[in-house]
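Trainee: There's a structure below that I have some questions on.
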Amino acid sequence: MTTMVANSGRPMAPPKRRRSKAVRRLVITLVVLLGLLVAADFGAAAFFEHEVSKRAQQQFDLRDHPSVTVGGFSFLAQAVSGEYDMVTVDAKGVPVNVLRDVEVHAELKGVRAPLSDLVSGSITGVPVREVVGQVKVKAADVTRAMSVNENQVIRSLTDLKIDPVSEKAVSTPPADGAETEDESEVADTEGGTAGVRLCGTAEIAGKSTELCVFSIISLSERKIAVSPKRMELRNSDSDVKLPPSVQQRVLPFFAIELDPGDLPFAVTPTSVKVEPGVLSVKGKAADLVLGKS
């Protein structure tokens, strides 16, 4: 009778080492391939952004190339399809008339540009399904526009601050002895008009005085029209109360029009908006061609 003896010993060490080495090689290979794909993705995206930037520079008639960023998870996946979900274009420090620091922002949706056409140079224009364009005017440029005013007090305004307020706060003065509350979080959304508080410092009767003008901004032939409605003055002593009759004589000096230039890609302006430190104009357009020659 033959007796069967079960092998209860542990697995031999050499096969285990071979499997461990194989797993490590596989992991290293996958990491290298992933790195190459990421590098290729970034490289292709950088090339595409440069090409779009050149065409945007032509479209904006800018001195320098604007910044271009492609959105979405994988650039190469979008390049294969030939359509890009979102491309943003930003240009800063654009001079327009008396303004010197206008910002241009555009969101391009549904950009159709096969990477192969861009690489070969065979593409003459980049079709875009929809564009949201915006130009922004900063406080320094608003101050610059006010400096041409004939009123010496207004010309001397410094440290101008821009804050959004509701249109109701513009038209409704606070109770006697009170200040208009900060409404930046509940201010009106973008639309045909918006409320704004412009505050600066000026010398009035020999004292440094904070002067706040509450105004409505609106679109006026593609320009930002600032229509002052009331004002508040404060200095180190107390609030300075100006009689309504005096305010009505002074307020017109604060009425200005700001020309931020055309919106990008000939977008028609449809709304204005106030953000902290910024007045902006915004609009939309559809079915455009970028950099068409």
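The values are calculated or read from the model by the stated rules, or taken from the named source; none is laboratory data. Nothing here was measured: the structure is a model prediction, and the numbers come from that model. So basically every Cβ, Gly included, is an ideal-geometry build from the backbone, and we count neighbours across all protein chains shown.
Trainee: Give all pairs with beta carbons closer than 6 Å in which a residue from the range 195-216 that is without any contact (Cβ under 8 Å) to a residue 60 or more places away in the chain meets a residue that is buried (at least 19 other Cβ atoms within 10 Å of the Cβ) and outside any strand (DSSP E or B); count only pairs at least 6 apart in sequence or on separate chains.
Mentor: Correct list of pairs: GLY200/LEU157; ALA202/LEU157; VAL213/PHE254; PHE214/VAL170; ILE216/VAL170.
Trainee: Could we say that THR201 is modelled with pLDDT of 75 or more, surrounded by fewer than 12 Cβ atoms within 10 Å (Cβ to Cβ) and more than 30 Å from THR270 (Cβ to Cβ) here? Full working, then the answer.
Mentor: Details: modelled with pLDDT of 75 or more: yes; surrounded by fewer than 12 Cβ atoms within 10 Å (Cβ to Cβ): no; more than 30 Å from THR270 (Cβ to Cβ): yes.
In short, no.
Trainee: For the subset of the range 204-223 comprising residues that are touching a Gly at 6+ places or on another chain (Cβ under 9 Å) and farther than 18 Å from ASP163 by Cβ, which member is modelled with the highest pLDDT?
Mentor: Among those that are touching a Gly at 6+ places or on another chain (Cβ under 9 Å) and farther than 18 Å from ASP163 by Cβ, it is LEU219.
Yes/no per residue for (1) part of a loop (DSSP other than H, G, I, E, B); (2) at pLDDT below 85:
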| site | (1), (2) |
| --- | --- |
| VAL94 | no, yes |
| LEU108 | no, no |
| VAL119 | no, yes |
| SER122 | yes, yes |
| LYS136 | no, no |
| ALA140 | no, no |
| THR143 | no, no |
| GLU150 | yes, yes |
| VAL153 | no, yes |
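Trainee: Filter the range 252-283 down to residues that are of a type in the set (Phe, Trp, Tyr) and closer than 22 Å to LEU108 by Cα, then give me how many there are. Spell out how you get there, then give the answer.
Mentor: Filtering the range 252-283 for residues of a type in the set (Phe, Trp, Tyr) gives 253-254, 265.
Cutting the leftovers down to closer than 22 Å to LEU108 by Cα gives us 265.
Number satisfying all stated conditions: 1.
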